[in-house]
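Student: First the structure, then my questions, so here it is.
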Amino acid sequence: MMIAGIDEAGKGPVIGPMCIGGVKIEESRAHILKVLGVADSKKLTPKKREQLASQIKKHAEGFFILEISPSQIDELRKIMSMNEIMVICFAKVLEQLKPDIVYADAADVKAERFAENLRRQYAKTSPAHAKKIEIISMHQADATYPVVSAASIIAKVRRDELIEELKKEWGVDFGSGYPSDPKTKAFLLKWGKEHGGKFPEIVRQSWQTVENVRKELEKSGKE
């Protein structure tokens with residue numbers, strides 16, 4: 001019996017990509033993940049996450065990380081909600097793993113609805129398997145199921161790598177990319193001020209944060 005876990009990293013940030021991680025392991029060997037010390041990735045230090053990510057990849061039967069760029073997110077948001085984007089992305093990861101049971105972190109206020117939508121989306125590419133697969137979706141699944149926690153870890157480590165690459169490429173430290181991060185906010189204000197309210201492609205233009213920064217710049221410009 002093959003089980004898999006799927007989770008995201010970077011759904012909320014205004015800067016950088018989103019990564020969806022998937023990990024597949026034989027159910028009888030799944031206890032290995034617990035032994036490794038896989039826990040909710042948000043509670044681990046970045047260094048510990050990196051160490052665990054390489055261990056997870058070594059022991060897993062399969063893994064996959066889907067990367068979605070800020071511009072891809074912006075384009076999709078023109079035609080669908082963030083919840084619908086999550087369903088499509090999770091289904092893409094599921095296509096790569098094809099387990100018997102999948103545990104998915106619910107990217108919807110209603111976990112059951114997320115599971116139903118995920119099955120419907122998966123059926124578009126794998127109709128026969130979509131009928132058989134067991135989909136278990138719940139909130140904070142990464143804190144309950146080690147296989148989801150493992151998926152969360154590999155997704156988070158990959159996103160952190162991509163964020164570091166972007167900082168080097170752009171020669172600027174914009175912080176974590178989350179709207180609540182003062183470094184991120186300062187970067188957006190500075191960039192927006194210097195570039196007439198326009199932002200680089202590493203920024204998710206469809207985010208409310210960007211709109212708020214523009215309004216703030218307009219206000220300070222009028223004063």
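The values are calculated or read from the model by the stated rules, or taken from the named source; none is laboratory data. Worth saying up front: this structure is predicted, and the values here are computed from it rather than measured. In this analysis, Cβ positions are derived from the backbone assuming ideal geometry, glycine residues included, and neighbour counts consider all displayed protein chains. Ligands, DNA and RNA are stripped out before the accessible areas are found, and what is left, the full protein with its side chains, is counted by its heavy atoms. Shrake-Rupley method; radii C 1.70, N 1.55, O 1.52, S 1.80 Å.
Student: Suppose we filter the stretch 130-169 for residues that are closer than 25 Å to P70 by Cβ, over 14 Å from the mean Cα position of the chain (by Cα) and loosely packed, with under 15 Cβ neighbours inside 10 Å; how many remain?
Tutor: 4
Student: Of a type in the set (A, V, I, L, M) and open to solvent by 20 Å² or more (accessible area, probe 1.4 Å) - does that describe any residue in the stretch 193-211?
Tutor: No, that holds for no residue.
Student: Only one of K47, K42 is farther than 30 Å from D74 by Cβ and either of a type outside the set (F, W, Y) or buried (at least 24 other Cβ atoms within 10 Å of the Cβ) (or both); which?
Tutor: K47 is the lone residue from the list that is farther than 30 Å from D74 by Cβ and either of a type outside the set (F, W, Y) or buried (at least 24 other Cβ atoms within 10 Å of the Cβ) (or both).
Student: List the residue pairs whose Cβ atoms are under 7 Å apart, where the first residue sits in the stretch 32-51 and is over 14 Å from Y145 (Cα atoms), the second is part of a helix (DSSP H, G or I) and open to solvent by 30 Å² or more (accessible area, probe 1.4 Å), and the two are 6 or more positions apart or on different chains.
Tutor: P46/D160; R49/K156
Student: Let me ask something else. G22: touching a strand residue (DSSP E or B) at 6+ places or on another chain (Cβ under 9 Å) and among the small types (G, A, S), yes or no?
Tutor: The answer is yes for G22.
Student: Could I ask something else about it? Note down all Cβ pairs under 6 Å where the first residue falls in the stretch 163-174 and is within 18 Å of P46 (Cα to Cα), the second is surrounded by fewer than 14 Cβ atoms within 10 Å (Cβ to Cβ), and they're at least six residues apart or on different chains.
Tutor: Pairs that qualify, where the first residue is within 18 Å of P46 (Cα to Cα) and the partner is surrounded by fewer than 14 Cβ atoms within 10 Å (Cβ to Cβ), are K167/D173.
Student: Taking the condition of being among the basic types (K, R), part of a loop (DSSP other than H, G, I, E, B) and either farther than 27 Å from M80 by Cα or touching a helix residue (DSSP H, G or I) at 6+ places or on another chain (Cβ under 6 Å) (or both), how many residues in the stretch 183-210 meet it?
Tutor: Of the residues in that region, 1 qualify.
Student: I'd like the full set of residues that are open to solvent by less than 70 Å² (accessible area, probe 1.4 Å) and assigned to a helix (DSSP H, G or I), limited to the stretch 109-126.
Tutor: Passing the criteria: A111, F114, A115, N117, L118, Q121, Y122, A123.
Student: Which of the residues spanning the stretch 194-218 are over 18 Å from P179 (Cβ atoms) and not acidic (D, E)?
Tutor: Those that are over 18 Å from P179 (Cβ atoms) and not acidic (D, E): H195, G196, K198.
Student: Next question. Assess whether G12 counts as being open to solvent by 30 Å² or more (accessible area, probe 1.4 Å), assigned by the TED database to the domain that holds S137 and small (G, A, S).
Tutor: Taking the combined requirement at face value, the residue satisfies it.
Student: Follow-up. Of all residues in the stretch 68-92, which are in contact (Cβ under 8 Å) with a residue 40 or more places away in the chain and either open to solvent by 50 Å² or more (accessible area, probe 1.4 Å) or not in a helix (DSSP H, G or I) (or both)?
Tutor: Residues satisfying the conditions are I68, S69, S71, R77, K78, K92.
Student: Right, next: Scan the stretch 188-207 and report the pairs whose first residue is on the phi > 0 side of the Ramachandran plot and whose second residue is open to solvent by 50 Å² or more (accessible area, probe 1.4 Å) and not hydrophobic (A, V, I, L, M, F, W, C), with Cβ atoms within less than 9 Å and a gap of 6+ or a chain change.
Tutor: Taking only residues 6 or more apart or on different chains, the pairs are G197/R214; G197/E218.
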